[in-house]
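Participant: This is the structure I have questions about; it appears just below.
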Amino acid sequence: MQGVSKRRLQTKACIAGAKTFLMLFNIIFWIVGIVLLISGIWMRASIAKVFEVSNYHLGLPTLFIVTGLAMIVIGVFACCCTTNEKPTLLFTLSIFFFIVFVMVFSASITGYVYRDNLKESLHNSLNQTLLEYGTGGILDMDWDRIQQNLECCGVDGFKDWIYTEWANENRTFPYSCCINSKTCNNLEPNQVYPNGCYQEILDLLHNNLNGIGIGMLLVAFFQIIGMSLSCCLALNINKALYEEMLE
């Protein structure tokens with residue numbers, strides 16, 4: 001009986017330790033979810049705006065928002081599971097952690113594998129929408145905003161505008177291409193930004209998405225800690241219940 005009591009004390013100590021670490025993990029998990037949600041909203045308001053000039057839609061902001069919301073909800077559920085100490089709920093929680101892991105990890109790997117396809121699709125879409133400039137709609141405003149903000153002109157360079165119907169009719173570049181004035185006279189190359197917008201967009205993505213990709217992988221593997229802690233706590237609770245039956 002003394003051996004059983006000693007094992008029970010050890011099991012209770014394991015439960016207390018696992019519960020404490022899991023609760024700390026849940027709080028961090030919940031905070032990370034909020035950070036992802038805010039990051040997704042920021043990307044939708046900034047980086048994703050770049051893609052509105054093309055027909056290509058960047059799904060990364062949506063992924064961040066959905067993942068962030070899921071982590072916030074799971075974080076609240078995880079705290080309830082931890083305090084209630086129900087093995088069934090804890091095993092269910094580990095399944096939720098695994099689902100988030102698969103979702104984030106798969107998205108990160110898919111984005112890396114198909115990064116060249118993204119470049120090609122973006123380039124083709126930019127060329128297509130450039131030819132449609134001059135309709136007076138949102139497309140015109142998107143192109144003007146991109147060229148002004150990124151200080152670029154055309155897709156691969158200012159020469160792209162020379163072959164557009166809009167430039168042939170107006171005999172000038174869009175004002176958003178101009179360096180120092182709101183109008184560029186007679187398609188003079190020295191008055192416009194020399195770099196094309198395609199490369200500027202790629203540089204913008206490279207500067208932001210490398211860090212984002214690494215962060216997403218860290219978030220994915222972060223779920224493994226949660227799975228381990230929740231399973232550890234559930235197993236020790238079951239062990240404690242079994243040891244009570246032996247007494």
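Just so you know, all these numbers are worked out from the coordinates, no wet-lab data involved. Predicted model, so just to flag it, every value in this text is computed and none were measured. Here Cβ is always computed from backbone atoms with ideal geometry, including for glycine, and neighbour counts include all displayed protein chains.
Participant: Which order do 65, 74 fall in if you start with the one that has the fewest other Cβ atoms within 10 Å?
Facilitator: Listed from fewest to most nearby Cβ atoms, that is 65, 74.
Participant: Quote the relative contact order of region 119-198 in percent (integer), defining contacts as alpha-carbon pairs under 8 Å separated by 6+ residues.
Facilitator: So the answer I get is 32 percent.
Participant: Now for a different question. So if I place +1 on the C-beta of Lys and Arg and -1 on the C-beta of Asp and Glu, and nothing else carries charge, what would the dipole magnitude of region 119-198 be about its Cα centre? I want it in debye, nearest 20.
Facilitator: Here the size comes out at about 180 debye.
Participant: Per 0.36 nm of contour for each residue apart, how much would the distance between residue 171 and residue 110 grow if the chain were fully extended, relative to their Cα-Cα spacing? The partial results should precede the final answer.
Facilitator: Details: separation 61, 0.36 × 61 = 21.96 nm, distance 4.41 nm.
Between residue 171 and residue 110, full extension yields 17.5 nm more.
Participant: Mind sorting 178, 80, 231, 153 by how few other Cβ atoms lie within 10 Å of their own Cβ, fewest first?
Facilitator: So the ranking, lowest neighbour count to highest, is 80, 231, 178, 153.
Participant: Considering all projection directions equally, how large on average is the shadow of the alpha-carbon convex hull of region 119-198, in square nanometres?
Facilitator: Convex hull of Cα atoms, orientation-averaged projection: 4.7 nm².
Participant: Using the Karplus curve 6.51 cos²θ - 1.76 cosθ + 1.60 with θ = phi - 60°, work out ³J(HN,Hα) for each residue of region 148-159 in order, rounded to whole Hz, and write x for Gly and Pro.
Facilitator: Ordered by residue, 3J(HN,Hα) equals 6, 5, 9, 6, 9, 8, x, 7, 9, x, 4, 5 Hz.
Participant: With each pseudo-label sitting 7 Å past Cα toward Cβ, what's the residue 44-residue 180 distance in nm, one decimal?
Facilitator: It works out to 4.3 nm between the two label points.
Participant: If you don't mind, there's one more thing I want to ask. Just rank 218, 204, 63, fewest to most, by other beta-carbon atoms within 10 angstrom.
Facilitator: In order of increasing Cβ crowding within 10 Å: 218, 204, 63.
Participant: Next question. So what J values fall out for region 14-22 if you push phi through Karplus, 6.51 cos²θ - 1.76 cosθ + 1.60 with θ = phi - 60°, rounded to Hz, Gly and Pro as x?
Facilitator: For region 14-22, the Karplus curve yields 5, 5, 4, x, 5, 5, 5, 5, 5 Hz.
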